[in-house]
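Here the structure comes first, spelled out in structure tokens, and everything after it is commentary.
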Amino acid sequence: MTFRTRFAPSPTGPLHLGHAYSAILAHDMARARGGQFLLRIEDIDRSRARPEWEDLIFEDLTWLGLGWDGPVMRQSERLDSYSETLDALWARGLLYPCTCKRRDIAEAASAPQEGAPILGPDGIIYPGTCRAKPHSDGHMIPRPSGALRLDMAQAALANGVYTQRIGTTRVAAFEELGNGEGIPRGLVEFTPDEIDRDIGDVVIARRDMGTSYHLAVVLDDAAQGITDVVRGADLFDATRIHVILQRLLGLPTPRYHHHRLIRDQHGKRLAKRDDARAIRTYREDGLTPGDIRCMVGLPQA
């Protein structure tokens, strides 16, 4: 099978050194293997996405010498696919509506009997406040248009999610590539108890966009035939959510490569608001693509 990976930025601000590292790494891996490097614009957050930021993404990648294969995919053009999948999950009784606001979740998770809030890939792990609300039986209750959560307990029991057994504990697994820095990886396994403790019921459709990052990225990777996902270590826990969704939806699970993060001099992860490290700024200051590769510790093209 042809190696196929992708770079999937959001047009909500300028690309910075961390984006450059991830894009260059994915691009070079694809080219070294005679594979394909695809570009996807993750623009489901219409309140923040801007055409000028998308144009800058194209400019920065071209300046870096990164060419992509085939047409650019945009999430804003795939809303029908997300909606159809939500209908299918709702009909299976795997989703429930949630009316909690962030403040509600923080207060519930901070209650004296709960102890200190535990953080997961989406922030504070959801305490299950709305879990008792009606789940669909597939016929009588239409899918609501607001926020929906994936019932992880029900998902863990669904056929095909956990594919192996270790003793009496069912586990799910995905293949983790080496991280590009000489550290080998292998099969990563996780159990239902770990999902409940470390992730909880995640939002699968947000009220303001009709889907979520988790659902969209899983469907998009399948639609683009992605065999290898190259992205930051900050998304490692989210990968467990994505594997569960892939098994629920009968989609293939790619190999994953979670690379190190590029940080500032204080050890903080770079953010789009840090314009001083934006690729555009370095371009305007006269640096070369080779300088950027050197700054993030990658070899010259």
Over the range 284-301, the set of residues modelled with pLDDT under 95 and in contact with a helix residue (DSSP H, G or I) (Cβ under 6 Å, 6 or more places away or on another chain) is V296, L298, Q300
Report yes if some residue within the range 172-192 is assigned to a helix (DSSP H, G or I) and either within 24 Å of V72 (Cα to Cα) or open to solvent by 10 Å² or more (accessible area, probe 1.4 Å) (or both); otherwise report no. yes
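Among the residues of the range 128-145, write down those that are at pLDDT 70 or above and surrounded by 13 or more Cβ atoms within 10 Å (Cβ to Cβ).
Let us first name the residues in the range 128-145 that are at pLDDT 70 or above, namely 128-133, 141-145.
Answer for the range 128-145, where residues must be at pLDDT 70 or above and surrounded by 13 or more Cβ atoms within 10 Å (Cβ to Cβ): G128, T129, C130, R131, I141, R143, P144.
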Of the residues in the range 103-117, those that are at pLDDT 80 or above and out of contact with any Ser or Thr (no Cβ under 9 Å at 6 or more places or on another chain) come to R103, A106, E107
Among helices (runs of 4 or more DSSP H) entirely within the range 211-301, at least 1 residues that are within 24 Å of E194 (Cβ to Cβ) and free of Cβ contacts under 8 Å to residues at least 40 places away in the same chain occur in 213-223, 236-249
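The values are calculated or read from the model by the stated rules, or taken from the named source; none is laboratory data. These figures come from a predicted structure and were not determined experimentally. Positions of Cβ are backbone-derived with ideal geometry, glycine not excepted, and every protein chain shown enters the neighbour counts. Heads up: the accessible areas ignore ligands, DNA and RNA and are worked out on the full protein's heavy atoms, side chains in. Shrake-Rupley method; radii C 1.70, N 1.55, O 1.52, S 1.80 Å.
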